[in-house]
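The values are calculated or read from the model by the stated rules, or taken from the named source; none is laboratory data. For clarity, every value in this text was computed on a predicted model and none was experimentally measured. Every residue, glycine among them, receives a Cβ derived from its backbone with ideal geometry; neighbour counts consider all protein chains shown. Ligands, DNA and RNA are excluded from the accessible area calculation, which covers all protein heavy atoms including side chains. Shrake-Rupley method; radii C 1.70, N 1.55, O 1.52, S 1.80 Å.
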2 protein chains.
Amino acid sequence: MNAEDLIMISVDDHVVEPPEMFEGHIPDKYRDRAPRVIRQQDGADVWTFNGAIIPNIGLNAVAGRPREEYGIEPTAFDEMRPGCYDIDERVKDMNAGGVLASMNFPSFPGFSGRVFAAAEDKDLAHAVLRAYNDWHIDEWAGAHPGRIIPMALPVLWDAELAAEEVRRVAAKGCHSLTFTENPATLGYPSFHSEHWDPLWQAVCDENVTVSIHLGSSGKLSVTAPDAPVDVMITLQPMNICQAAADLLWSRVIKKFPSIRFALSEGGTGWIPYFLDRVDRTYEMHHLWTGQDFGGKLPSEVFREHFLTCFISDPVGFGLRSLIGIDNIAWECDYPHSDSSWPNAPEELADVARGAASDEINKITHENAMRWYSFDPFAHRSRDQSTVGALRAEAAGHDVSTRSYDKGRFEKSVGTEIGKLAKMATA
Amino acid sequence: MNAEDLIMISVDDHVVEPPEMFEGHIPDKYRDRAPRVIRQQDGADVWTFNGAIIPNIGLNAVAGRPREEYGIEPTAFDEMRPGCYDIDERVKDMNAGGVLASMNFPSFPGFSGRVFAAAEDKDLAHAVLRAYNDWHIDEWAGAHPGRIIPMALPVLWDAELAAEEVRRVAAKGCHSLTFTENPATLGYPSFHSEHWDPLWQAVCDENVTVSIHLGSSGKLSVTAPDAPVDVMITLQPMNICQAAADLLWSRVIKKFPSIRFALSEGGTGWIPYFLDRVDRTYEMHHLWTGQDFGGKLPSEVFREHFLTCFISDPVGFGLRSLIGIDNIAWECDYPHSDSSWPNAPEELADVARGAASDEINKITHENAMRWYSFDPFAHRSRDQSTVGALRAEAAGHDVSTRSYDKGRFEKSVGTEIGKLAKMATA
């Protein structure tokens, strides 16, 4: 297929929350204590909540910067492309990049909302979290129907409230919950505890996919303090294999046969090896470890429960039949530095050259639609949804690369490792 | 190729050190303080050194046990197959398993000799370490020339002494040094420090391959304390990707262009994805991270410096051209629970069905010979070296499966996680 003919839905992008997001969503009694953006003396914009400063408004939101500057974290809204935080501008950027629809992980609250969970006043935390979800679903996703796959943050500190929130947002059409790759490293009961059962029951009842983003455990892939940052960049995706193994062998999968997890930004090329490894582990060890999937192999169980995705992964695409053609989706990762925006369609068409169009369609959009119960074609026709059609709508939209303002450039350079560390623990 | 026609050299097996190993190797002045085996009141044999008890004589040495009992660690020499600790019996087991030659990692000292390094008296530690290496090279490997690839333990606590020891053992024909996958987690300078340069210079000068075994960092792949042990078993091999990334992006590779590392027990199926990932990391990020391999891609550099290996890895074998046909070796993992001994030849022949014999020969023995400067054919002809010929020599050798003695079985059962944890930190 030609790049212009693809229909592309990204299951992993990022929203940079705009300063005014809580207005109209937070109850009056909490308005003064809701998170807010302040400008520091050095010109940096930061979120503040619960007495803490959250230093990263943008989490490596470098879309539109030259690659030489990828290590420089934007520290103010006016250093970012407006598409990072303005939904109308975002949709223009999506059009220019040929992206029909997109699922957006949070930035300042952390991938699993741990910034909210840190508040001692849990009523406040709960009000803020619900306001966030309402803003995300009603405003961010609601502004352009069919363009944003809505996603909710979890109530990390209470599994019953977490279940209640899943049911509440599902009633508003939200079928994706972002969650941590390892609750144990955040200080909560692990995936092996019964603690989370009310939440898992709710996501099953409400047909919600649990989306687990790399780096959401708060645990870094840092081999040594003096390791080059390239080491951590390399290792991030494969590290999500820890969450995959943790969940695959857990009681969760056995007790909740309809539960589904997405391994967000985890890549796909390592999955065939992983599936061989789990089957061999089962074959060699289940007689003493007691693992029992009712006669199924772990690899079969994986395909029933896990969605994988890639940005550009020639190995994974080539091995798609070993992964499961219904278990692979595509992601853009806008506005982070691993993204190929706005040229991702050409990159994907190149990787997919020669593949059958029904396989390409599953990977580019059909799997995402099914796993997230999301139908963009209720809002626009297929013909209007192709890369070519969307780009035509974006005619004249500026996607040229811009350098940072020199003065700010110097100011915002920190240690390389520190910047990536922030990404990894977000 | 038929299983009987294969010539198989294993680059990763394990020796269980026999009690009398230090006799004749340790200087008289240290004889009383050398490690020794004592029998505890509960019937367990343990090593003791430097005031400490080292609880694992055998590190999951379960060869010949039924799979139901793989979780039970042998705690006394008479609970193990003699092939674990007796070189004559080992060679019989190798013959019965069709294995021409084998490289054996240590058991009680830990994979990188950290038990010796823990002694405050560094003269004692040095004497014990040299005695260990002399025993391994002269007795264990020397008893049956051409059957054991000699391997030395490193002087972890002093890079100059480490270099000196590498030169000393190389003069005796030893071209493999076992080392930790991450010195930083053991409390030493990381791979990114100049600290180790004398050692790297010595291994380059002496044509020694640095063999890095999974679990040699002392850092566990445990997702949560209550995770099923299957999670850790699954994750161990891929975790060596951390050492691969750490070394590949390090200054070591750039400063020592002839240095070579082996990723022992690391599997191979994940390597093609890893190589794509490092190349993409380079492409997207090198302009700001400053990585520079003199115009080469990281994947090219990987193939110049890293040997990989597998026990049975259909995905890795299928992707051998993406890994590098000169970068793959086979391992048996005798006497650990992931081993297919004595049926590994049939397992490998099945995986390799249809492949060209020159490719199979590289993987089964030629790559191991070249990377470790080891020539078994100086001692026996190729015709005498095949699986079929070796098995003919082993006619009558008992390889039947035996259960543990029931009384000891009950005694030696610990927590599952505890047993595997010992493996992982050895």
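Looking for one value pair here: nearest-to-axis residue in chain A (by Cβ) for the rotation onto B, and the distance in whole angstrom.
Spelled out, residue of A and its Cβ distance from the axis onto B: A:Trp270, 2.
For A:Ala355 and A:Arg33, what is the calculated FRET efficiency with R₀ set at 51 Å and r taken between the beta-carbons, to the nearest 0.05? Mind dumping the intermediate values first?
Numbers: r = 52 Å, r/R0 = 1.03.
In this case the efficiency is close to 0.45.
Taking 0.36 nm per intervening residue step and subtracting the Cα-Cα distance, what contour gain separates A:Ala118 from A:Asp42 on full extension?
Working: separation 76, 0.36 × 76 = 27.36 nm, distance 2.65 nm.
Net length gain for the segment: 24.7 nm.
How far is A:Asn2 from itself in the other copies, in nm, if each label sits 7 Å out from Cα along the Cα-Cβ line, shortest first?
When each copy's label point is compared with this one, the spacings are 5.7 nm.
With a 1.4 Å probe, how much accessible area is buried between chains B and A, both sides summed, in Å² to the nearest hundred?
Rounded to the nearest hundred, the buried surface is 5700 Å².
With springs only between Cα atoms under 10 Å, which of B:Ser211, B:Ser221, B:Ser112 fluctuates most in a Gaussian network model of chain B?
Checking each option, the largest mean-square fluctuation is seen for B:Ser221.
Place the peptides A:381-390, B:268-277 in order of packing, highest mean first, counting for every residue the other Cβ atoms within 10 Å and averaging per peptide. Could you put the intermediate results ahead of the total?
Working: A:381-390: 17.2, B:268-277: 27.3.
Peptide ranking by packing, descending: B:268-277, A:381-390.
Convert each backbone phi in segment B:30-45 into a coupling constant with the Karplus relation 6.51 cos²θ - 1.76 cosθ + 1.60 (shift: θ = phi - 60°), then list the ³J(HN,Hα) values in order as whole Hz, x for Gly and Pro.
10, 4, 6, 10, 5, x, 9, 9, 10, 9, 7, 4, 7, x, 7, 8
How far is the Cα center of segment B:98-160 from the Cα center of segment B:339-373, in Å?
26
Output the relative contact order of segment A:78-203, whole-number percent, from Cα pairs under 8 angstrom with separation of 6+ residues. Before the final figure, lay out each step's value.
Numbers: 152 pairs, mean separation 27.5, N = 126.
Computed value for segment A:78-203: 22 percent relative contact order.
Counting only residues 5 or more places away or on other chains, whose amide H sits under 5 Å from the amide H of A:Leu307 once H atoms are built in the peptide plane?
A:Phe261, A:Ala262, A:Leu263
Using a 10 Å cut-off on Cβ to Cβ distances, tally the other chain neighbours for every residue of B:237-248 and report the average as a whole number.
If you average over the peptide's residues, the count of other-chain Cβ atoms is 5.
If we sort A:337-344, B:290-297, A:167-174 on the protection proxy, mean other Cβ atoms within 10 Å, highest first, what's the order?
Packing proxy ranking, top to bottom: A:337-344, A:167-174, B:290-297.
Counting only protein heavy atoms, what percent of the accessible surface of the protein assembly as shown is carbon or sulfur at a 1.4 Å probe? Present the calculation step by step, with values, prior to reporting the outcome.
On the way: 13590 of 28190 Å².
Looking at the protein assembly as shown in its full context, I get 48 percent from C and S.
When you count, for each residue, the other Cβ atoms within 10 Å and take the mean per peptide, how do B:6-17, A:115-126 rank with the highest first? Write out the running numbers ahead of the final one.
Values: B:6-17: 26.1, A:115-126: 18.2.
Taking the mean over residues of other Cβ atoms within 10 Å, the ranking is B:6-17, A:115-126.
In percent, what relative contact order does chain A have, based on Cα pairs under 8 Å that are 6 or more apart in sequence?
It rounds to 26 percent for chain A.
Just how far, in whole angstrom, is segment B:256-331 from segment A:267-295 if you go by their alpha carbon centroids?
Between the Cα centre of segment A:267-295 and that of segment B:256-331, the gap is 24 Å.
Pick out the long, greasy-scoring helices in chain B: whole DSSP H runs spanning 20 Å or more along their own axis by Cα, mean Kyte-Doolittle at least 1.0.
In chain B, no H run is both long and hydrophobic enough.
For segment A:209-227 and segment B:22-81, write down the distance between their C-alpha centroids in whole Å.
If you average the Cα positions of each part, the centres end up 38 Å apart.
At A:Cys204 and B:Cys204, where each label point lies 7 Å from the Cα along Cα→Cβ, what is the point-to-point distance in nanometres?
For the pair A:Cys204/B:Cys204, the computed spacing is 5.9 nm.
Using 7 Å Cα-to-Cβ label points, what is the A:Arg382/A:Ser321 separation (nm, one decimal)?
Between A:Arg382 and A:Ser321, the simple spin-label model gives 2.4 nm.
Mind checking the dipole of the protein assembly as shown: about its Cα centre, +1 per Lys or Arg Cβ, -1 per Asp or Glu Cβ, Debye to the nearest 20?
Dipole size: approximately 320 debye.
By what distance, in whole Å, do the Cα atoms of the protein assembly as shown stretch along each of the three principal axes, largest value first?
That gives 82, 55, 54 Å along the principal axes, largest extent first.
Given an 8 Å cut-off on Cα distances and at least 6 residues of separation, report the relative contact order of segment B:1-155 as a percent. Before the final figure, lay out the partial values.
Values: 232 pairs, mean separation 43.5, N = 155.
Here the relative contact order equals 28 percent.
Can you pull the mean other chain C-beta count within 10 Å for peptide B:282-291?
So the per-residue partner count for this stretch is 6.
Can you pull the mean other chain C-beta count within 10 Å for peptide A:327-333?
Taking the mean over all residues of the peptide, I get 0.
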